[in-house]
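Enquirer: Pasting a structure here, questions to come.
The values are calculated or read from the model by the stated rules, or taken from the named source; none is laboratory data. This is a predicted model, so every value here is computed, not measured. Cβ placement follows ideal geometry from the backbone for every residue including glycine, while neighbour counts extend to all protein chains displayed. Please note that ligands, DNA and RNA were not included when accessible areas were found on the heavy atoms of the full protein model with its side chains. Shrake-Rupley method; radii C 1.70, N 1.55, O 1.52, S 1.80 Å.
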Amino acid sequence: MAYNANKSIGCTVQQCEFHCQQENYCSLPKIQIGTHEQNPTMCQCTDCQSFKVKS
């Protein structure tokens, strides 16, 4: 399925359903960022909660 790139959201996770395969952008109009830590101190502590594995 072809998606329109949202040039405001860069993304390199090609395994995500919403990644624009020809460009390194997300196709969603908005994403949700969260954390899996109680006190995040590094970027590795954050997650894109809008991620959906490509089917």
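Enquirer: Pairs of Cα atoms under 8 Å, at least six residues apart: use those to get the relative contact order of the chain, whole percent.
Expert: Relative contact order comes out at 33 percent.
Enquirer: Using Cβ-Cβ distances only, list the Cys residues of the chain with no partner cysteine under 4.7 Å, sorted by number.
Expert: Singleton cysteines: C16, C20, C43, C45, C48.
Enquirer: Can you work out the Karplus-derived ³J(HN,Hα) for every residue in segment 12-29? Use 6.51 cos²θ - 1.76 cosθ + 1.60 with θ = phi - 60°, whole Hz, and x for glycine or proline.
Expert: 10, 8, 5, 7, 8, 4, 9, 6, 7, 4, 8, 9, 8, 9, 8, 9, 6, x
Enquirer: Now for a separate question. Please list V53, V13 from largest to smallest accessible area, probe radius 1.4 Å, with all protein chains kept in place.
Expert: V53, V13
Enquirer: Straight-line reach from K7: which aspartates and glutamates have Cα under 18 Å away, leaving out those fewer than 8 places along the same chain?
Expert: In chain and number order, the partners are E17, E23.
Enquirer: Quick query: amide H of F18 versus all other amide H atoms, modeled in the peptide plane; which residues come in under 5 Å with a sequence gap of 5 or more or a different chain?
Expert: K52
Enquirer: Another one. So what is Rg over Rh here for the chain, counting just Cα atoms and using Kirkwood for Rh?
Expert: The Rg/Rh ratio comes out at 1.02.
Enquirer: Considering only protein heavy atoms and a 1.4 Å probe, what is the carbon-and-sulfur percentage of the accessible area of the chain?
Expert: Using a 1.4 Å probe with all protein chains present, the chain comes out at 50 percent carbon and sulfur.
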